[in-house]
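Rule-based calculations on the coordinates, nothing more; no lab input. In this text the structure is predicted, and so the values were computed from the model without any measurement. Cβ atoms come from the backbone with ideal geometry, glycine included; neighbour counts cover every protein chain shown.
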């Protein structure tokens, strides 16, 4: 047996807002998207570096309000890049934690939280 990859599924409610947040603001790339037919909910994969996420408009795929944690290096550079974009819905900070990490927490437009962290 081999476990290969964990790919979180996050619930979204608006494809345009999701792309604005994840692609334009956070800098992910759209790998693919799928609909059963025109006018139905979208299911898409995005990626950045070694991180892959699935975003779904489908009822029941995931609960809004989830949190994912992405371990990384260069969190100060990420924070600077995000702040320079002047995204009107989020201005994340950097937090030094008692457990010796630096974290950058960002809520997406659908109530999900992305927690970038560096040790």
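Assorted remarks:
- Screening residue 46 on (1) part of a helix (DSSP H, G or I); (2) closer than 12 Å to residue 26 by Cβ; (3) without any contact (Cβ under 8 Å) to a residue 40 or more places away in the chain shows it passes everything except condition (1).
- None of 50, 34 is more than 17 Å from residue 87 (Cβ to Cβ) and out of contact with any strand residue (DSSP E or B) (no Cβ under 8 Å at 6 or more places or on another chain) except 50.
- Set 27, 39, 16: member being without any contact (Cβ under 8 Å) to a residue 60 or more places away in the chain and closer than 13 Å to residue 108 by Cα: 16
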